[in-house]
Every structure is written in structure tokens, then in C-alpha cells.
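The values are calculated or read from the model by the stated rules, or taken from the named source; none is laboratory data. If you're wondering where the values come from, they're calculated on a predicted model, not measured in any experiment. Cβ placement follows ideal geometry from the backbone for every residue including glycine, while neighbour counts extend to all protein chains displayed. Side chains are part of the model used for accessible areas, which takes the heavy atoms of the whole protein and leaves out ligands, DNA and RNA. Shrake-Rupley method; radii C 1.70, N 1.55, O 1.52, S 1.80 Å.
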Amino acid sequence: GRIRNVSPEEALKGMTIKHTICINDMIEDIKYNRFNRDIPYIKEKIGDEINYLILLEALLTERIKNPIICL
């Protein structure tokens with residue numbers, strides 16, 4: 001976030017959006033019978049998304065506990 005001069009939450013949002021789009025693309029590929037990913041790829045993308053949500057929970061919890069946090 002510091003490189004882009006945004007909050008940690010905003011930086012995390014960008015990474016999360018990237019993975020959400022990737023997961024949505026996989027679902028669309030299934031719909032149109034184009035799905036060709038392997039299990040490690042699936043585990044990586046979904047695992048990353050889970051980790052981003054855990055990080056977001058921690059960041060938001062920290063904001064509640066300490067509302068005066070600078071960028």
C-alpha cells in the first residue's frame with residue numbers, strides 16, 4: 001500500500017479483485033466446457049482468496065481496536 005500511497009485495505013482489495021476475477025473465469029470456463037486447470041492451480045487461487053479474507057478480517061479488526069492508523 002505504501003508504494004501506491006493507499007491503505008493496506010485498499011491494496012488488499014486490488015489483490016483480492018484479481019483473484020476473484022480468476023475464480024469467476026474458472027466458473028465461466030466450466031459453464032462453457034472450456035475448463036482446463038489442474039488441481040494445484042485451483043488450490044492456489046482459492047487458497048489465496050481465503051488468505052486475503054483472513055488478512056482483511058485482521059486489518060479491519062485492527063482498525064476497530066486502533067482507529068488512528070496512518071498509511
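Of the accessible area of the chain, computed with a 1.4 Å probe over protein heavy atoms only, carbon and sulfur atoms account for 61 percent. When the chain is treated as a GNM with alpha-carbon contacts under 10 Å, the residue of ASN51, ASN33, ASN24 showing the greatest mean-square fluctuation is ASN33.
For the Cα trace of the chain, dividing Rg by the Kirkwood Rh returns an Rg/Rh value of 1.12.
Take every pair of alpha-carbon atoms less than 8 Å apart whose residues are at least six positions apart; their mean separation over the length of the chain yields a relative contact order of 48 percent. Other residues with beta-carbon under 14 Å from the beta-carbon of ILE21 carry, at +1 per Lys or Arg and -1 per Asp or Glu, a net charge of -2. With the helix formula -39500 (n - 2.57) applied to DSSP H stretches of n ≥ 4, the chain reaches a computed 222 nm mean residue ellipticity of -25500 deg cm²/dmol. Among ASP48, ASP29, ASP38, the largest mean-square fluctuation in a Gaussian network model of the chain (Cα springs under 10 Å) belongs to ASP38.
Couplings 3J(HN,Hα) for segment 45-55, derived from phi with the Karplus relation 6.51 cos²θ - 1.76 cosθ + 1.60 (θ = phi - 60°), are 5, 6, x, 4, 4, 4, 4, 5, 5, 5, 4 Hz, where x marks Gly and Pro.
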